[in-house]
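The values are calculated or read from the model by the stated rules, or taken from the named source; none is laboratory data. Because the structure is a prediction, the values reported are computed rather than measured. Cβ atoms come from the backbone with ideal geometry, glycine included; neighbour counts cover every protein chain shown. Each accessible area value is taken on the protein alone, full model and side chains, heavy atoms only, with ligands, DNA and RNA left out. Shrake-Rupley method; radii C 1.70, N 1.55, O 1.52, S 1.80 Å.
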Amino acid sequence: MSTYKEFKNTDGILITPQQASQLDDYKEIAFENNRIKSSIVYWDKEVEIIYIYIYPDEDLNTELGKLDGNLTYTIAKDLEIINGYTVWRFYEYKNGVLGSLISIDVFDSNKRRIVYKSEENPNHIRKVYYLEGKHVVNVEEELDFVYEEDDEIFFDFRDGNLTINVSHNVAEGNFTNINLFYGTYYERLPFMTPEILAYFTNPEPLVPPMQL
């Protein structure tokens, strides 16, 4: 069994263990056989949250039995791969008891979370459209730029209402009207097909039926 660890700063950038030891806030990620097994988030040099990943080919009770019953964990299990996307379900594990479902999360092939559905607040779903690296060329409008890191669009559904938050290097904005959003940004989003737009502006399905 091969094991190794990675360390990331709060921007998600890989750092060395020595660099991590000098930070107050960072993440320590452990892998077994090239699969993530745990992720510990440190805040002010203290453990803030511990994620444990349990795979379908592992025995749930055996894996839970390895944990310290005095600590609280967030357990990721019930792994599914759908349309090339990774789906995890997260549960609280506290005082040796596995609690109810906390959330359902969907990740793309770059390990970016594209969907978060709260089960504690089932009326909240967030979908994220990542823009980083996408190139826009529009001769008529004289647009020619590449989206930068952290350029993204958030689609938040709460109690049936949609709010769209645009955050990127060209322009920002908040919208509650889909047509106004797309009418404002369509020239900067030539790659957002009607199918992709429909996926992000509806709470279901959670897993994209297409490649984003």
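Before we move on, is residue 71 within 25 Å of residue 9 (Cα to Cα), assigned to a loop (DSSP other than H, G, I, E, B) and either hydroxyl-bearing (Ser, Thr, Tyr) or out of contact with any Lys or Arg (no Cβ under 8 Å at 6 or more places or on another chain) (or both)? Spelling it out, residue 71 is indeed within 25 Å of residue 9 (Cα to Cα), assigned to a loop (DSSP other than H, G, I, E, B) and either hydroxyl-bearing (Ser, Thr, Tyr) or out of contact with any Lys or Arg (no Cβ under 8 Å at 6 or more places or on another chain) (or both).
Every test in (1) open to solvent by 30 Å² or more (accessible area, probe 1.4 Å); (2) touching a Phe, Trp or Tyr at 6+ places or on another chain (Cβ under 9 Å); (3) acidic (Asp, Glu); (4) at negative phi is passed by residue 78 save one, and that test is (4).
Exactly one of these conditions fails for residue 196: (1) within 24 Å of residue 88 (Cβ to Cβ); (2) in contact with a Gly (Cβ under 9 Å, 6 or more places away or on another chain); (3) of a type outside the set (Lys, Arg). Give me its number. Evaluating residue 196 over (1) within 24 Å of residue 88 (Cβ to Cβ); (2) in contact with a Gly (Cβ under 9 Å, 6 or more places away or on another chain); (3) of a type outside the set (Lys, Arg) leaves (2) as the failure.
Might you let me know whether segment 22-32 holds any residue that is within 30 Å of residue 78 (Cβ to Cβ), surrounded by fewer than 10 Cβ atoms within 10 Å (Cβ to Cβ) and among the acidic types (Asp, Glu)? So far as segment 22-32 goes, no, none of its residues is within 30 Å of residue 78 (Cβ to Cβ), surrounded by fewer than 10 Cβ atoms within 10 Å (Cβ to Cβ) and among the acidic types (Asp, Glu). Within segment 173-196, residues that are part of a helix (DSSP H, G or I) reach partners that are open to solvent by less than 70 Å² (accessible area, probe 1.4 Å) and β-branched (Val, Ile, Thr) with beta carbons closer than 7 Å, at six or more positions or on different chains, in the pairs 178/201; 181/164; 185/166; 188/136; 188/170. Exactly one residue among 106, 136, 87 is under 30 Å from residue 190 (Cα atoms), surrounded by 17 or more Cβ atoms within 10 Å (Cβ to Cβ) and touching a Ser or Thr at 6+ places or on another chain (Cβ under 8 Å), and that residue is 106.
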